[in-house]
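The values are calculated or read from the model by the stated rules, or taken from the named source; none is laboratory data. Keep in mind that what you see is a predicted model, and the values were worked out from it rather than measured. Glycine gets a Cβ as well: all are built from the backbone with ideal geometry, and neighbour counts include every protein chain shown. Areas reflect the complete protein model, heavy atoms only, side chains present, ligands, DNA and RNA absent. Shrake-Rupley method; radii C 1.70, N 1.55, O 1.52, S 1.80 Å.
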Amino acid sequence: MRFRLYVLDKNENNEKIVLSSDEIKICDIKYLPKEVGDNAKTLSRKEVHLIGKIIGELQQDQFEKIDFVKNLGDIQDSWKEKNNEISAKTASLIANKFDGIKVISLDDIFKSNRENLKGLRNWCTSFNMNDYRNIMIERIGKNISPDLFYFENMFIHSFEEKGSIDEGNGEFIVVFKQKINSENKDVIEN
């Protein structure tokens, strides 16, 4: 099973965050019960925990298996085929993020990973306390259509980065939480 993350809103730095399935190792979506003090409109609390890779080096055989290297055209076309507002935002985000790139190179992978991490870091350390964004998680299974999880009004609760000289690659952990006491619209499609 593989996952992709799309952050669907513009922000003050105009960062485009699209994490490919090669950058995400583990995705944990939690639906937690309401707590005392929650607004009556709050159905449940949502959290998304991602453990991902900080890509420092890739071998050629690894590069040839990379999600966006193999599938960029198919990914863009599949989002264009869907006819709803969320899919249109996703198609636009992918087109803008990878504008003009037909064949992704190793440098593009490193650059995209650095930009994604910088975008997450900036979002987490934003001084704008109302920096809520809509995100979508795409869960991809073998031989079945992907499941889509769309969450409104999410913010980064925590962001960690760690690395090792021995391994060459690092790891990041990001926890998204949903704004409480709002009329959040969550959509799950299969």
| Out of region 20-37, which residues are assigned to a strand (DSSP E or B) and modelled with pLDDT under 90? | Tyr31, Leu32
| Which pairs do you get when a residue that is free of Cβ contacts under 8 Å to residues at least 60 places away in the same chain, found in region 51-66, comes within reach of a residue that is surrounded by 14 or more Cβ atoms within 10 Å (Cβ to Cβ) and outside any loop (DSSP other than H, G, I, E, B), reach meaning Cβ atoms under 7 angstrom, with the pair 6+ apart or on two chains? | Leu58/Leu106; Leu58/Ile109; Phe63/Val69; Phe63/Leu106; Ile66/Ile109
| said: What's the total number of residues in region 149-176 that are free of Cβ contacts under 8 Å to residues at least 60 places away in the same chain and either polar (S, T, N, Q) or surrounded by 15 or more Cβ atoms within 10 Å (Cβ to Cβ) (or both)? | reply: 7
| How about region 111-146: which of its residues are charged (D, E, K, R) and open to solvent by less than 20 Å² (accessible area, probe 1.4 Å)? | Arg133, Glu138
| Only one residue in Ser164, Ser126, Ser158, Ser145 is over 14 Å from Phe3 (Cβ atoms), polar (S, T, N, Q) and modelled with pLDDT of 90 or more. Which one? | Ser158
| field | Positions within region 38-57 being at pLDDT below 85 and open to solvent by 40 Å² or more (accessible area, probe 1.4 Å), in sequence order | value | Asn39, Ala40, Lys41, Leu43, Arg45, Gly56, Glu57
